[in-house]
Structures are given as C-alpha cells and as structure tokens.
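Chemist: One structure, as structure tokens, below. Some questions next.
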Amino acid sequence: MRSRLLLAIAVALAAHARVGTAQADRFTGGLTEGDYVRIGAGVTNPVNAQGGFRDWKKGTGFTLGYQNWGAGDNGVSRLGVSLNAGYSALPLDEAKFLADFTPLSGEAVTKASAGSGALIEVNAGFNVRFPSPLVVPTIRFGVGYIGWRPKKIEYTTVSGSATAKQQSRNGAEVSIGAGLERHFAQRFGIFGEANYVYGYTSLGQSSATPGGICANNGCDVLKNTSVTTIRGGLLVKLP
C-alpha cells in the first residue's frame, strides 16, 4: 500500500512538473535557448543632425548579428546577449547642402550630387524579454563603435563645377531599442525592431574641405551623431 501511495505521489509530481514546464513554454513566443543569427534590413534616419551630417538624409540600412538566450529557472532566461554589425547608405540631401554650402568664390551653388555616405556600426549589448504566448517583446541596450564616411560632393555654380569633401567621423555609441520576435519550429523566427543610437563623434570633424565654407554655421566641427533605425528580418537558430 505504501509503495502504491509513493508511486501515485511521484506520478502526480511529474505531471505537475510537465504542466508547469508547458505553461512556461507557452510564454516564450516559440523562443528556445541557444544561439541565433540575425539578418535584417530597414531604414536609418538622422535625428537632430548636426554639422555636415545634416546634409544627408534617411536611407537603407542592413544588419548582421548574433544573439544568445540561456537557460532560466523555468525554461528560457529572461536575459540574453547580442553582438551586431550594421551598415547604412545615406544619400545626399541636395536641398539642405545647397542651403548650407557656399564656395570660396561666393557664387551660388545650383546643383549638387554625391554617392551615398556609409554609416558603420558595431555594438554589443543585452536583451531583456517579457513573457508572451504569441510573440517575444524585448528591449535592448548596447554600446559600441560608430563611424561616418561621407562621399565626395560634386557641385555646380554659374562659373563651372567643383568638389567638396566632408571629413569622416568616429566615436563610441550607446543605443536603446525595442522589438518583437516570433519563433517557429524551434529553428527559425522573424523580428521587427526600432532603435535609437547616439554617437559620441566629437573627435571627428565635419568641415567641408577643400574649396568651400559653410553658411549659417552649418558645418561646425565637434558635433555628435544620432540616428534612428526601423528594421525587420530573419532569425536562424544555430545547430
């Protein structure tokens, strides 16, 4: 009798554990512990742009990253880590450049063009997830490197054509973002996220050189860089 009672208790405890685990799993949006690769694309937009950086407008951005979710007390941990690299191509804002820039000759600039400038980011951070049965809401905090590489600008005045080159910027960045993830078949997932990045790029100048000055204090040196990004993409769990 005693052995039967012990067996019944063991079966009940095992069933309770399975129910608890199943309940915990229902609130991960399909997420399982392990390593993931993130591939994404979206829009990068300068915010409160300063110096020569404000002569460039929003463009397409791409990201490649890694994230890890470890084991928690009841399944997947609420805290994960990530490492990301991003590249954004920002086209010249011709109207803004024409308003900011004046050649040394003092002539009015009638036309300007340039290839897309490159905004490069590499950062590491940690993610915090919130329990949810369908999707995984997350917030992310990161720190890293940001670099701005503008292209040579070709412009036209009444007397001819010339070029100007804004200087590059480099510095540290901090970022904060929020997103949603949904995982399928324990291998694949999709995500969408929005991020704000503030780059301490005051060590990089942004004067227009050679052959020009900036009107209205538009190309001051020692200016920081801030951008927002909105993107979506694919998550793939590593074996």
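Chemist: Which of the lysines could be linked to residue 152 by a straight reach, that is with a Cα gap under 19 Å, when you skip same-chain ones fewer than 8 residues away?
Modeler: 57, 58, 96, 111, 165
Chemist: Here's a follow-up. Using the 10 angstrom Cβ neighbour count as an exposure proxy, how do 126, 97 rank, fewest first?
Modeler: Lowest to highest Cβ neighbour count: 126, 97.
Chemist: Here is a follow-up. Return the sequence-ordered ³J(HN,Hα) values of the stretch 227-234 in whole Hz as given by the Karplus equation 6.51 cos²θ - 1.76 cosθ + 1.60 applied to θ = phi - 60°, using x for Gly and Pro.
Modeler: Working through the residues one at a time gives 9, 10, 9, 10, 8, x, x, 10 Hz.
Chemist: For the charge dipole of the stretch 86-164, defined by +1 on Lys and Arg C-beta atoms and -1 on Asp and Glu C-beta atoms about the Cα centroid, which residue among 132, 156, 117 has the Cα displaced farthest towards the positive pole?
Modeler: So the residue furthest toward the plus end is 132.
No lab work stands behind these numbers, since they all come straight from the coordinates. Predicted model only: the values in this text are computed from it and were never measured. All Cβ positions, glycine included, derive from the backbone under ideal geometry; neighbour counts span all protein chains shown.
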